[in-house]
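Visitor: My questions all concern the structure below.
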Amino acid sequence: MLNRFGANIFLTALLLFIPKSTFSQTRQAKAEELVSKVLEARGGIARLKTIKAERVSGNISFGPGAEGPFVVELKRPGKMHMEITIQEQTVVRICDGQGAGWIVNPFADNKGPVAMSGNDLKNISDESDFDGPLVDYQSKGNKIEYDGKDEVGGKPAEKLKLTTKSGDVRTYFLDASTFLLMKWEGVRRNDDQEIPVESFFRDYRDVNGVKFAFEIDTDSPGSGQSQKLSIDKIELDPTLDDIRFTKPSVPSVSSSVANPRNRRSTAPGVGN
């Protein structure tokens, strides 16, 4: 029987004869296995693809004095209508699913509707990806990689790294026992800034055979900025008129309200 020293020498010698491609193939297989498991944990890819529309409503908080109700409506393909009401003023963000988006912001000098461009348009297009980047990741030009083990809140997690077609890198922390998403890390681009972002997903509930997190806490490490989503209701396949996803009308709002926070919310769901 080999002692520990001898075993280590034997293992080192053995590794010299194992092609590096074997390790990469093993990690790729592990990554693909994790994608399958997380989608199955949520309800299965077949069930997820049957959903044509969603309406998510609840409360969002950016901190004391900056909180209120929100509603997000999503419809295939790539359409989104979001409304957030803060201090009785409503911010509207819309993506039409055809490469255009608009924002109405009563806290800004130009209240809108303002056509989105650059990173704003890219961000809302990512948020409007109905299934998220893991479903059909290959056809979307995304790449995945197994990134080892970790812990989130003392619970074992498997890490999955995803690189989008545009080069953005995101890390998903999956519960090692349920394979539901616990944490997401990535970078948001705002103007010329790259802002690190992390989100924590909690309180999963079943909605017509699909698991959703009903509490999502997001922060930017080191910035002091944070937001908390508390979801009250998720509706699957509500009737949504396509006019909801077109350029909004000019709002009638007071110009005397100061902007409490210059922050953008993200749509709830698996990590954009």
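Visitor: Within the bounds of the range 108-119, is there any residue that is modelled with pLDDT under 90, more than 18 Å from LYS75 (Cα to Cα) and not in a loop (DSSP other than H, G, I, E, B)?
Guide: Within the range 108-119 (the criterion being modelled with pLDDT under 90, more than 18 Å from LYS75 (Cα to Cα) and not in a loop (DSSP other than H, G, I, E, B)), the answer is yes, since at least one residue qualifies.
Visitor: I'm told VAL169 meets every condition in (1) more than 14 Å from the chain's Cα centre (by Cα); (2) farther than 28 Å from ARG47 by Cβ except one. Can you identify the failing condition by its number?
Guide: (1)
Visitor: I would also like to ask the following. Of the residues that sit in the range 180-221 and are buried (at least 19 other Cβ atoms within 10 Å of the Cβ) and of a type in the set (Phe, Trp, Tyr), which one is farthest from VAL72 (Cα to Cα)?
Guide: It comes out as TRP184.
Visitor: What do you reckon, is ARG47 surrounded by fewer than 16 Cβ atoms within 10 Å (Cβ to Cβ) and modelled with pLDDT of 90 or more?
Guide: yes
Visitor: Give the residue that is farthest from LYS143 (Cα to Cα), with candidates limited to residues of the range 164-194 that are hydrophobic (A, V, I, L, M, F, W, C) and assigned to a strand (DSSP E or B).
Guide: Applying the filter and picking the extreme gives MET182.
Visitor: Let me ask another. Please go through the range 99-114 and give me each residue that is within 22 Å of VAL71 (Cβ to Cβ) and either out of contact with any Ser or Thr (no Cβ under 8 Å at 6 or more places or on another chain) or of a type in the set (Ser, Thr, Tyr) (or both), ordered by number.
Guide: ALA100, TRP102, ILE103, ASN105, PHE107, ALA108, GLY112, VAL114, listed by residue number.
Visitor: Consider the range 195-219. How many of its residues are in a strand (DSSP E or B) and more than 14 Å from the chain's Cα centre (by Cα)?
Guide: Matching residues across the range 195-219 total 8.
The values are calculated or read from the model by the stated rules, or taken from the named source; none is laboratory data. Values in this document were obtained by computation on a predicted structure and should not be read as measured data. Every residue, glycine as well, gets a Cβ built from its backbone with ideal geometry; the counts of neighbours run over all protein chains shown.
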